[in-house]
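All remarks here apply to the structure that follows.
Every number here is computed from the coordinates shown, using simple stated rules; none is lab data. Every value quoted in this text rests on a predicted model; they were computed, and no experiment measured them. All Cβ positions, even for glycine, are placed from backbone atoms using ideal geometry, and neighbour counts span all protein chains on display.
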Amino acid sequence: MKRFGYSLLAVVCAGWLGGCSSDSSSYLINGGDVALTLLRDKPYIWSGSWDMALVVTHLPDCQRRHKLKNAGDGNFKLEVYRPAEGGYILHYGKRWYIAELRGCQVQAYTEPPNEPGELIGAFEARDEPVRFVAEAAATRKPPGDSSAAAH
């Protein structure tokens, strides 16, 4: 009977641990010495959201990990814009961030930027691990602007 109890406990624990998940994807710049890497982690099967972090890499000078606000379950899209040299603007939901490459810094915007720059792609997850999907050269106006380019 004791053996059955241990077996049952092992099956239950395996089921709980099976709900834990983590994945990542990178946007490589200059052969990978410069990169933006999105890390997602769901520590528990009952977690209703993903813990997220962005690693900004500019080798050999720096590499830093920055916590982002959690993202809910379901489809996810973090858009990546290039406004000027040395930085990128990131957007998901109501959140906007700027990633500065030379110092490997990330800062949250309090207001959406007037012109985020050229949309270069997005980190996406649709019932699969997150991946970076490159966008055809296009620009996007701020949300709410009726002259925004269609995607």
Computed from every Cα-Cα pair in region 23-63, P(r) in 10 Å bins starting at 0 and rounded to whole percents is 30, 40, 21, 9
Sites Ala136 and Thr110 - FRET efficiency at Förster radius 22 Å, r taken between beta-carbons, to 0.05
0.10
Estimated distance in nm for a label pair at Cys62 and Glu128, the labels positioned 7 Å out from Cα along Cα-to-Cβ
3.4
So which trypsin sites (Lys or Arg not before Pro) in region 76-113 are both in a DSSP loop and have at most 11 other Cβ atoms within 10 Å of their Cβ?
Lys94
